[in-house]
Amino acid sequence: MFQIKANKYTALDQSSSLISDYGEGFINSRLLHTGLIDYGTVSTVAFAFQIVVICLSIISILTLLSFYFANTVKKIGIFKAVGANSLHLFSIISYQYLIMLSVGILFAVPMSIPLTHLIVENTYDNGKPNDLNGAYIIGLNLVMILIISLCVVLKTIQGVRKDHASSVAYSLRGNTQLLDISKLRTEKFILKQLYMQVITYKKWSILTVLSLSLCMLVITLSIFIQKETAGIWGSDVDYYITAQQSFQSKTIGHLEVLKEEGLTISANDVNRIESLPFVSNVEKTPFMVDVHPLIEEEFIPQSLGSWISSLDPEEGAYKDKRIIPHANYQVVDAKGFEELYGERSFEEFQGKVLLLLPSGIHGENLKGHEMQFVRKYKSGSGLKTQEWTYPIYDVMYASEVGIEDLAFTVILDEETAIKNGIFRGYYNLSISIKDYLSEKQTDELESILSEIVSTTPGSLYQKISDFEIEDTKISFFFGFLGKLSYSTAILLAVISTITMIFGKYNNQKLRWGTYMSLGMSKKRVIQYLGLELLLYLVCGSIISTLIFLSMAFWIGHVYPISLYLLYHLLSIAMISLLLLTGICLVRNQINKHSIHDLLRRDE
């Protein structure tokens, strides 16, 4: 085994070349095509979250700049009156941005280190940032700063050009918009006022709705990806052991012949596990893949014959007896027989077989007849054959055991099966334990399992709880990254939204002052601002919900949509709570303004 430090495709090419040069070896296709594809998904999702945060950052910064220009028109007019040109104005705004950028970097760099460790500890819990990761993070941050700075520069140039084109007298009067509401066919004042609030800086109203939609989608989609990639873990199995992960066989005369003798877990080892008082159940699969049940043609019911023909169109036979294809086996002791068959005598069953038939097959006439079994195996340079004959003790059906997709199953007693050699051991074990184990009990069980595995070459041992944690680390990373992105996105979205609401209020304060002079209370003013905010929130919620539902039905889902809609509602509730906090801050600022302050024109 060797490691190539490259991407998946380069590693695949180099591995293929190396194997070709040496003439032997194999590629870990499971890792390349199954495991590493998850890491490609991680990169894609992480990049998507970064794009969302960048977009919200740009919207937030440009919103601040827009209302900075809108509310500093008089100041710019004064600068122009004393001789400032466009270059001077651009320099002033650029210096302000550089100061804010420097302060932001001073805060961001120290925060990035603990955040990186926080992500690692709460997801993979291994590894640490190295030089390559550090260079990538620095490079990515520089690109983000460059993109945001470019947007700021373009917005600043646009604002300066607009202010430069206006006269000094216009700038000194302030930025007031004349709104045409003649197209609005309603006499209700509340609708007219809400319309005027929305179409004032309507471009930023649209961006506000989009930013709120993105913010809601980030957390909902991250939870969706986390749960869908993790799947549903509801297994009652706590430990799993298989004696060999794979085996090879060849069909000779309609019989499967193993190329090498199969490895098994002995019945004694299984009994040791089952004897532990804290083990609640052990599901056992006998290794009998090369044992074939045979039945005489004259005793085969029509329904069973049709079923055999559907699985084996060639109608394989051995010594004029039909081979029953794809048969399953179970080996039971007295306790297992009692659980399956009730209070019937286990001693009567010993040395016989019990048949479990699939749904739709009738085999009452098989009871009392004999069933033969055959195994062909390699011995030295040739092949040998073993044959056994068992009386059929009874016949049961899928409906009686409550298993709809039951295969043709043969049940034998363990003691006789071991004695006559038809059964050599178990292929895999699924072990369930009681709800709580002490550390001593856990060590005792895992010690036995480790002993079994260490003496069985090629075996596989899995502690399902650990496997579940490992298997869902990438999924948990998606969720954690989404929550982290959401916490950033929600702050940016709320800040830009509240800034826009308050900026519009300041820009139209002459109108609001006129309303209040005619009897409108400040409480009523705040209600109108709250209605505008509610309109943005409802529109953003509808858009984000439609986008999420479209993606969920297009991609497919395991969990019910109602679960994700509940998370979506929680994200909307969180944003609503923060927006409510923001509107309370706006209320405090409005309460500080008197009617005289709103109507006064500064000289």
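Think of a 1.4 Å ball rolled over the protein heavy atoms: region 244-458 then has 53 Å² of accessible area per residue.
Accessible area per residue was computed with a 1.4 Å probe on protein heavy atoms; L565 scores about 60 Å². Legend: residues I431, I51, I99, I464, sorted from most to least accessible area (1.4 Å probe; ligands, DNA and RNA excluded), read I99, I51, I464, I431. Working note: Karplus 6.51/-1.76/1.60 with θ = phi - 60° gives region 277-291 the couplings x, 8, 8, 8, 7, 10, 8, 10, 10, x, 8, 9, 5, 9, 9 Hz, where Gly and Pro are set to x. Restricting attention to region 234-320, which trypsin sites (Lys or Arg not before Pro) occupy a DSSP loop and are surrounded by at most 10 other Cβ atoms within 10 Å? Here the trypsin sites (Lys or Arg not before Pro) that fit, given the DSSP loop and packing criteria, are K259, K319.
Rg(Cα) of region 211-348 divided by 2.2 N^0.38 Å?
Details: Rg = 23.4 Å, N = 138, 2.2 N^0.38 = 14.3 Å.
Here the answer is 1.64, to two decimals.
Accessible area of F247 (1.4 Å probe, protein heavy atoms only, ligands and nucleic acids ignored): about 80 Å².
Could you work out what % of the accessible surface of region 381-452 is carbon and sulfur, using a 1.4 angstrom probe and leaving DNA, RNA and ligands out of the count?
On the way: 1660 of 3670 Å².
Accessible surface attributable to carbon and sulfur in region 381-452 totals 45 percent.
Enumerate by residue number the GluC sites (Glu not before Pro) in region 312-383 meeting two conditions: DSSP loop (anything except H, G, I, E, B), and at most 11 other Cβ atoms within 10 Å of the site's Cβ. Provide the component values of the computation, followed by the final result.
Numbers: sites: E314, E315, E338, E339, E343, E347, E348, E364, E370; in loops: E314, E315, E343.
Counting only loop positions with at most 11 other Cβ atoms within 10 Å, the GluC sites (Glu not before Pro) in region 312-383 are E314, E343.
H362: net charge of surrounding residues, Cβ under 15 Å, Lys/Arg +1, Asp/Glu -1, itself excluded?
-2
Entry note, region 244-458: relative contact order of 31 percent, from Cα contacts under 8 Å with a spacing of 6+ residues.
Here the dipole of region 257-390 is about 380 debye; that uses its Cα centre as origin and unit charges on the Cβ of Lys and Arg (positive) and Asp and Glu (negative). Which residues' amide hydrogens lie under 5 Å from the amide hydrogen of M396, considering only partners 5 or more residues apart or on another chain, with H built in the peptide plane? Distant-sequence amide H within range of M396: L355, L356, L357. Listed values for region 372-388 are Karplus-derived 3J(HN,Hα) couplings in whole Hz (6.51 cos²θ - 1.76 cosθ + 1.60, θ = phi - 60°), namely 9, 10, 9, 10, 10, 9, 7, 9, x, 9, x, 10, 10, 10, 10, 10, 9, and x replaces Gly and Pro. Note that region 553-558 has calculated 3J(HN,Hα) couplings of 6, 6, 6, x, 8, 9 Hz, one per residue in order, obtained from phi through the Karplus relation 6.51 cos²θ - 1.76 cosθ + 1.60 (θ = phi - 60°); glycine and proline are x.
A 1.4 Å probe, protein heavy atoms only, puts the accessible area of K188 near 130 Å².
Once the Cβ-Cβ distance between T581 and I542 is put in as r, and R0 is 25 Å, what FRET efficiency do you end up with, to the nearest 0.05? Show your work: numbers first, answer last.
Working: r = 23 Å, r/R0 = 0.92.
FRET efficiency, T581 to I542: 0.60.
Net charge in the neighbourhood of R587 (other residues with Cβ under 11 Å of its Cβ; Lys, Arg +1, Asp, Glu -1) is +3.
How much net charge surrounds D312 when only the other residues with a Cβ under 15 Å from the Cβ of D312 are counted, with Lys and Arg +1 and Asp and Glu -1? Could the numbers behind the result be given before it?
Values: positive: K321, R322; negative: E256, E297, E314, E315.
Value of the local net charge: -2.
Using the alpha-carbon positions of region 244-458, Rg (one decimal) and Dmax (whole number) come out as 18.6, 59 Å. Pairs K463/K483; K319/K367; K419/K440; K192/K522; K319/K376: which are spaced more than 25 Å apart, C-alpha to C-alpha? Among K463/K483; K319/K367; K419/K440; K192/K522; K319/K376, the Cα-Cα distance tops 25 Å for K463/K483; K419/K440. The largest accessible area among Y390, Y318, Y195 belongs to the first residue in Y195, Y318, Y390, and the rest follow in falling order (1.4 Å probe, all chains). Model label points for L566 and V289, set 7 angstrom from Cα along the Cα-to-Cβ axis, are 4.3 nm apart.
The values are calculated or read from the model by the stated rules, or taken from the named source; none is laboratory data. These figures come from a predicted structure and were not determined experimentally. Virtual Cβ from ideal backbone geometry, glycine too; neighbours counted across all protein chains shown. The area values use the complete protein model at the heavy-atom level, side chains included, leaving out ligands, DNA and RNA. Shrake-Rupley method; radii C 1.70, N 1.55, O 1.52, S 1.80 Å.
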